[in-house]
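> Below is one structure. I have some questions about it.
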Amino acid sequence: MTDATTPKIIAPPEPEAPDHAVARPGKTTHAVVRIRELDALRGIAALLVVLFHFTMFRPQAEYGFKYGVTGVDLFFMISGYVIFLTINRVRDWRDFIVSRVARLYPAYWTAVLLTTLLLYVFDRPHFFPKATLANLTMLQNFVGTGDLDGAYWTLAVELIFYGLMLLLFVSGQLRTVESWGAVFLSILLGFHLAGPVYFSADYNLMKEYLPFVSHAPLFVSGILFYNLQHRPANWLRHAAIGGCFVFTCYLHDKGGTAMGSISAREHYLILAVYVAIFYLFIGSKLAFLVNRYT
């Protein structure tokens with residue numbers, strides 16, 4: 001980590017143009033009809049995170065704004081649903097990569113350059129051009145440079161998820177994504193159970209540089225909700241969603257961001273609310289969220 005890094009803070013993934021939509025036949029997701037309920041949920045999650053940061057370390061945090069730290073959990077569930085929807089509708093892997101780059105990088109580069117300018121003007125000792133160049137690639141966490149702004153940490157989580165989904169896509173395994181998800185989460189559970197006991201140093205290092213290991217069940221649950229909505233009913237999917245919920249609860253103090261702001265019991269309750277919200281969404285019960293305010 002260089003001196004240019006800042007402490008990790010909670011933030012939603014870098015803003016991007018919404019692509020959670022149903023594509024028209026024969027088209028990629030460039031021609032879409034947006035799912036307005038997900039737009040509203042994403043906006044609510046963003047507002048939760050903003051209010052959390054605005055009241056951080058202030059008395060107002062105890063008025064309930066501290067629970068906004070969990071907005072990231074909702075974002076990751078939405079991302080699981082949206083990315084699986086997207087990758088099922090692109091023509092090939094190139095379309096998927098182009099769509100991700102086009103949606104993420106322009107806004108991200110703007111944020112990085114603005115942060116660099118602010119560091120240069122107001123905090124010159126922490127201005128390092130090499131750190132800026134590394135951050136412009138969005139791969140800084142994987143090369144040991146660290147985030148120029150702590151808010152970028154969620155991008156590393158998203159990029160790993162994109163990579164895993166792309167791997168399933170090019171290998172023709174999207175139809176068996178649930179089986180692969182079960183295998184992956186089983187391995188991940190073993191990692192979290194054995195890590196603190198048998199290789200604690202490497203375990204902590206991996207959680208820092210690969211934060212996806214502390215949030216993976218949220219993405220998998222998003223995929224499960226997509227399949228629950230678009231495939232024949234299957235009780236195993238309901239059970240798997242419950243398993244993802246329990247696993248996420250278990251990860252509360254295993255590198256997640258909520259542990260420093262709310263209790264485990266509070267986190268469990270809010271996660272249960274998010275699961276319930278997704279059930280309402282796939283059951284078309286969230287139309288009331290689509291209004292002039294959202």
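> Which residue pairs have Cβ atoms under 8 Å apart, sit 6 or more places apart or on different chains, and have a first residue in the range 124-147 that is touching a residue at least 12 places away in the same chain (Cβ under 8 Å) and a second that is assigned to a helix (DSSP H, G or I) and of a type in the set (Gly, Ala, Ser)?
These pairs meet every condition: Gln140/Ala131; Gln140/Ala134; Asn141/Ala156; Phe142/Ala156; Thr145/Ala131; Thr145/Ala134; Gly146/Ala131.
> Of all the residues that make up the range 239-256, how many are within 21 Å of Phe281 (Cα to Cα), surrounded by fewer than 18 Cβ atoms within 10 Å (Cβ to Cβ) and touching a Phe, Trp or Tyr at 6+ places or on another chain (Cβ under 9 Å)?
Number satisfying all stated conditions: 0.
> Report, ordered by the first and then the second residue, all pairs with beta carbons closer than 6 Å, sequence separation of six or more or different chains, a first member in the range 268-285 that is under 15 Å from Ile35 (Cα atoms), and a second member that is aromatic (Phe, Trp, Tyr) and surrounded by 18 or more Cβ atoms within 10 Å (Cβ to Cβ).
Once the first residue is under 15 Å from Ile35 (Cα atoms) and sits in the range 268-285, its partners that are aromatic (Phe, Trp, Tyr) and surrounded by 18 or more Cβ atoms within 10 Å (Cβ to Cβ) give Phe278/Phe225; Ile282/Phe225.
> Now for a different question. Restricting to helices (runs of 4 or more DSSP H) lying wholly in the range 52-169: which have 2 or more residues that are in contact with an Asp or Glu (Cβ under 6 Å, 6 or more places away or on another chain) and buried (at least 19 other Cβ atoms within 10 Å of the Cβ)?
Output list reads 93-122.
> A further question follows. Any residue in the range 210-227 that is surrounded by fewer than 15 Cβ atoms within 10 Å (Cβ to Cβ), in a helix (DSSP H, G or I) and of a type in the set (Gly, Ala, Ser)?
no
> Follow-up. For the range 129-145, name all the residues that are under 18 Å from the mean Cα position of the chain (by Cα) and at pLDDT below 90.
Answer for the range 129-145, where residues must be under 18 Å from the mean Cα position of the chain (by Cα) and at pLDDT below 90: Leu139, Gln140, Asn141, Phe142.
Residue by residue, here is whether (1) among the β-branched types (Val, Ile, Thr); (2) over 23 Å from Ser214 (Cα atoms); (3) in contact with a helix residue (DSSP H, G or I) (Cβ under 7 Å, 6 or more places away or on another chain); (4) at pLDDT below 85 holds:
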| site | (1), (2), (3), (4) |
| --- | --- |
| Tyr63 | no, yes, no, yes |
| Phe75 | no, no, yes, no |
| Ser79 | no, no, yes, no |
| Ile83 | yes, no, yes, no |
| Asp92 | no, yes, no, no |
| Ala102 | no, yes, no, no |
| Thr110 | yes, yes, no, no |
| Asp123 | no, yes, no, yes |
| Phe127 | no, yes, yes, yes |
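Listed here are the residues, each with its yes/no results for (1) modelled with pLDDT of 95 or more; (2) among the hydroxyl-bearing types (Ser, Thr, Tyr); (3) out of contact with any Lys or Arg (no Cβ under 7 Å at 6 or more places or on another chain).
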| residue | (1), (2), (3) |
| --- | --- |
| Asp149 | no, no, yes |
| Trp153 | no, no, no |
| Ala156 | no, no, yes |
| Phe161 | yes, no, yes |
| Glu178 | yes, no, yes |
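The values are calculated or read from the model by the stated rules, or taken from the named source; none is laboratory data. The shown structure was predicted, so the numbers you read here are calculated from the model rather than taken from an experiment. Positions of Cβ are generated from backbone atoms using ideal geometry, with glycine treated the same way; all protein chains shown enter the neighbour counts.
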